[in-house]
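Below is one structure, written out as structure tokens; the observations come after it.
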Amino acid sequence: MGAVRDVLRRPLGHFTERTLAGLALVLGAGVGFGLVLVLVRVRWTPLYDVDHGVAQWLNDQVSPIGPLVTVLNALTDLGGRPVIIWLVTVAVVGLLIRRQGRLAVFLIVTGAGALILDPTLKTLVDRLRPEVDVEIGTYAGQSFPSGHALGSMVAYGAILLVFLPAMAPRWRRPAMALVGVVVFLIGFTRVALGVHFLSDVIGAWLLGAAWLGVTAYAFRLWRVERGRPATPLAEGLEPEAAHEVAPAPDERQLLPHPRAAVAEIVVGWVLVFGALYGFGMFVSYYAQDTFLATWDEVVPAWFAERGTPALDGVSWWWSKVGDTHAILLVSMVFCPLVLAIWRRWRPVLFMALVMFGELTLFLASAAAVDRPRPPVENLDGPMPTSSFPSGHIAATLCLWVAIAVVVFPRTDRWWRWVFVALAVVMPVGVAMSRMYRGMHHPTDFMGAILLTSLWIGLLYWVVRPNEDLRQGNQPAIESEDVDRLDDELAEAAKPG
């Protein structure tokens, strides 16, 4: 009987010890934040001197170095609200698809708390931002605490706790160290760019650690109430969900012959570039007295004669569909959904190679051909690249054709034809807008089609993004499964 009691007491004792240790850490972070808050509010002279001295010293060191400022701005964007909201939203949607509703609720509550705490405390404290000799960046709003530092601490920390069980034990400590480095660098950039004081960042880190600790502790209590054992945070929030939160748990090998695939892609890239260069040089400089030259002369002039303010506005918006930000946004939403639904990295690799190859082929061929823009008014003004091929059209074509290639065979639902339609409508709309705005010839559009067909054809042959279907991984969304899938997603979204 005594042995049975020992067995029962041991998990309870471990839970109590871990709970007390966790509460002590959370309490320490909370007390530390409170102390920093009080010192900021009373404008304690030593802290004031340190804050202003560090801000000015870093400004003197950083502001003269342009490339360093560029790097710091890129790093600081990792803690910006758009990136944080994207990360949390994609993670939540993926967890709901994988039927991990409790983990999704944890991310929602933790992220929402940070979004509420930041503006609330900024308003209450009402601290002005630093004034430095050379302004590197201008930011509106109050200074304390740093929203970037708070958001990165909470969001990256919460996502790490959720997905930690999917990692092999040997990779967990490096992952924790990597997240710590990212959070530190984001906080450092806020001070180095002169938009926050040192105490703003330290206070945000302490507040973020306290809030993350509170929500993680609440989740552990939730687990215990459901009869699950208390586990150390080094194993993640839900160790039992390791298989479900892993990006591609059933994919044993990404590519069977990776070295051969790399060689094929490199050789193929060179051949595609050669085809683009040859066609571009021909239509740009050697196609006089052909229907292509007539077409390139007549079409831009026809659009220029029919310009109106209304069409100017419509064409501007259609052009934006093919710019870098729109293409990147769609890719960053689609690829995580592919991982969540079909649990395969290969379609994601296919998408990444398509877009990277499109960018490099466009830049290389545009620089080599160096074709002038059409001799009409260019509504977008001077551009850094030449006319052939159209980067906007090529990027839109590659994106939506690649999406259709991945989605179409993976479901037999009627809406798969929507992606086929988008692969036609989106690039045609962008092409019409770019020619209307006087930025491209019709043969630039043909160059984008040539780039897309050759490059996607090559990658489809080498990467085989739908190989898992041939190997027996049936389409995840079939007609007879849709009603059941909807019920399962609705059930997964319910907490508990």
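The values are calculated or read from the model by the stated rules, or taken from the named source; none is laboratory data. Bear in mind that the values here come from a model prediction, so they are computed numbers and not experimental data. When we count neighbours, we look across all protein chains shown, and the Cβ atoms used for this are built from the backbone with ideal geometry, even at glycine. All accessible areas refer to the heavy atoms of the entire protein, side chains included, with ligands and DNA or RNA removed. Shrake-Rupley method; radii C 1.70, N 1.55, O 1.52, S 1.80 Å.
Values as computed for the structure displayed
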item: Neighbourhood net charge (15 Å Cβ-Cβ; Lys/Arg +1, Asp/Glu -1) for Val125; result: +1
item: Once exposed loop GluC sites (Glu not before Pro) are cut out (DSSP; at most 16 other Cβ, 10 Å), longest piece of the chain; result: 1-130
item: Rounded tilt (10° steps) of 66-76 against the dominant C-alpha axis of the chain; result: 60 degrees
item: List His243, His52, His148, ordered by accessible area with a 1.4 Å probe, largest first; result: His243, His52, His148
item: Cα-based helix-to-principal-axis angle, 324-342 vs the chain, degrees rounded to 10; result: 60 degrees
item: Per-q log10 I(q)/I(0), the range 72-210, q = 0.09, 0.16, 0.17 Å⁻¹ (Debye; single scatterer per alpha-carbon; no solvent); result: -0.28, -0.82, -0.91
item: Linear extension gain, Leu124 paired with Asp323, 0.36 nm per residue minus alpha-carbon span; result: 67.6 nm
item: Normalised alpha carbon radius of gyration of the chain [divisor 2.2 N^0.38 Å]; result: 1.18
item: Helix axis angle, 198-225 relative to the chain longest principal axis, alpha carbon, degrees; result: 70 degrees
item: Protein-only accessible surface order, largest first, of Ile456, Ile136 at 1.4 Å; result: Ile136, Ile456
item: Two-site label geometry, Val71 and Leu337: point separation in nm, points 7 Å out along Cα→Cβ; result: 3.7 nm
item: Rounded accessible area of Leu115 (nearest 10 Å², 1.4 Å probe); result: 80 Å²
item: Value of [θ]222 nm, deg cm²/dmol, for the chain, DSSP H segments ≥ 4, -39500 (n - 2.57) each, nearest 500; result: -24500 deg cm²/dmol
item: Segment Phe356-Trp86, extension gain: residue separation times 0.36 nm, minus the distance between their alpha carbons; result: 95.1 nm
item: The chain - accessible surface per residue (Å², probe 1.4 Å); result: 51 Å²
item: Relative contact order (percent, whole number), the chain, Cα cutoff 8 Å, 6+ residue spacing; result: 18 percent
item: Of all accessible heavy-atom area on the chain, the percent that carbon and sulfur account for (1.4 Å); result: 69 percent
item: Cβ-based charge dipole, the chain, positive-most Cα from Gln100, Leu58, Val314; result: Gln100
